[in-house]
Amino acid sequence: MSRGTQAVVLVFLGGAILVASVTDLYLRYVKQGLRPFLIAAGALLVITAVMALVQELRALNRPEGGPDDDGHGHGQSGPVVGWLLLLPALALVFVVPPALGADTASRAGSALTDDRDVAYPPLPPGDPAELTLLDYGYRAVYDHGRTLQDRRIQLTGFIAPGSDGERMLARIMLSCCAADGVPVKIGLRGNVPRMPADTWVQATGRWIPHTAKDPVNDADVPYFQVEDWQQIPAPAEPYE
């Protein structure tokens, strides 16, 4: 592949990363805190490509040089297969994969495997108190629900099937990117949403002193007494 072709490929790759980073598209692949690094990487690729193109144009404008001339009268256009490197860049922009959801939750073990022996602060003000599934899970399992008692709580997640056929509320937690995503699972009781898997809901209810074991990794799965719920659109940032 010639230097000019390499530069064009770098422009597309860097541009695709920048497009994904300045929109919400990148949230399908990595956690929110990595956006500055993606923007920096995309900008660096574009700058490198522009510098390579400038050098290539200068070489072509020399009297002894011609298009794709290596200085010895030999072309260096390279095989056409090199242009296949553009496919990942085009796929990044035009082929948006679905976020990890109920299928991942049914196949992977719950994230509640790290016993955190810490003092949990009081719930945030408001009625209901909005909690992430992970925060609710830790408070319910490892703090035995002490900070959850006598409070109405609001949880947001997608519907996932449990091993016993019952519906759970779940959300995928990322350490870095979608490749390391693990689910947080919350069992449901009471007014359980009878919706298809991967439907996003906002559930309001209360903690109940009941847990079960995840058959995948034997982790504790806390339960939640649903009093009311509503279907919501999938959030722009689907991961915790």
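The values are calculated or read from the model by the stated rules, or taken from the named source; none is laboratory data. As the structure is a computational prediction, the values presented were derived from the model and not from experiment. Methodologically, a virtual Cβ is constructed for each residue, glycine included, from the backbone with ideal geometry; neighbour enumeration extends over all protein chains shown. All accessible areas refer to the heavy atoms of the entire protein, side chains included, with ligands and DNA or RNA removed. Shrake-Rupley method; radii C 1.70, N 1.55, O 1.52, S 1.80 Å.
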- [ ] Determine whether Thr132 is modelled with pLDDT of 85 or more, of a type in the set (S, T, N, Q) and open to solvent by 50 Å² or more (accessible area, probe 1.4 Å).
- [x] yes
Open item on the list: Looking at the structure I just gave you, is Asp220 open to solvent by 30 Å² or more (accessible area, probe 1.4 Å) and without any contact (Cβ under 8 Å) to a residue 12 or more places away in the chain?
Closed with: no
- [ ] Only residues that are buried (at least 19 other Cβ atoms within 10 Å of the Cβ) and assigned to a helix (DSSP H, G or I): list them for the stretch 29-45, please.
- [x] Gly42, Leu45
Task: Verdict on Arg116 being open to solvent by 70 Å² or more (accessible area, probe 1.4 Å), at pLDDT below 80, within 30 Å of Val216 (Cβ to Cβ) and under 19 Å from the mean Cα position of the chain (by Cα) - done: no
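Each row is one residue, and each column tells you yes or no for (1) among the small types (Gly, Ala, Ser); (2) touching a Pro at 6+ places or on another chain (Cβ under 8 Å); (3) farther than 13 Å from Leu112 by Cα.
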site: Cys176; (1), (2), (3): no, no, yes
site: Pro193; (1), (2), (3): no, no, yes
site: Lys213; (1), (2), (3): no, no, no
site: Ala234; (1), (2), (3): yes, no, yes
